[in-house]
């Protein structure tokens, strides 16, 4: 579960700062473009409230460790969020999701390196981002 610390709304997108209540990790500036693609979106999110959120890491796998990559541990394959298949991964004790299509043409192992540039909200409570449906 995550507590919403801040919502920075732009014209069609938002950036949401979250606090993971289990690990106390702050995930800052999580990208939300759900209102761009659907009326069934995350506009209900309010600062100070608690939600069950799923965060997608947006980036690419690296063959080896680089200065900008992070080690991820794949704990589950084939996780469906909407109609999109994801790897459920751990970074330290925090759970994130990476699209399985990001691993095309590379060998998938339990521990891999991933270079991500942002975290995207893909599910909040029972609402799934329309791009994943």
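What the table shows:
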{"read-out": "The lone exception for residue 107 - which of (1) part of a loop (DSSP other than H, G, I, E, B); (2) in contact with a strand residue (DSSP E or B) (Cβ under 8 Å, 6 or more places away or on another chain) it fails", "value": "(2)"}
{"read-out": "Residues being part of a strand (DSSP E or B) and in contact with a strand residue (DSSP E or B) (Cβ under 9 Å, 6 or more places away or on another chain) - total across the stretch 110-133", "value": "15"}
{"read-out": "Residue match in the stretch 47-63 (condition: closer than 13 Å to residue 114 by Cβ and outside any strand (DSSP E or B))", "value": "yes"}
{"read-out": "Answer from 87, 42 - the residue that is on the phi < 0 side of the Ramachandran plot, in a strand (DSSP E or B) and touching a helix residue (DSSP H, G or I) at 6+ places or on another chain (Cβ under 9 Å)", "value": "87"}
{"read-out": "Among the residues listed as 102, 67, the single one being touching a residue at least 40 places away in the same chain (Cβ under 8 Å) and not in a strand (DSSP E or B)", "value": "102"}
{"read-out": "Scan of the stretch 103-127 for residues that are over 22 Å from residue 40 (Cβ atoms) and in contact with a helix residue (DSSP H, G or I) (Cβ under 9 Å, 6 or more places away or on another chain), ordered by number", "value": "108, 112, 114"}
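Quick note: the coordinates plus some simple rules give every number you see, no bench work behind them. This one's a predicted model, so the numbers in the text were calculated from it and none came from an experiment. Don't worry about glycine lacking a Cβ; one is built from the backbone with ideal geometry, like all the others, and counts go over all protein chains shown.
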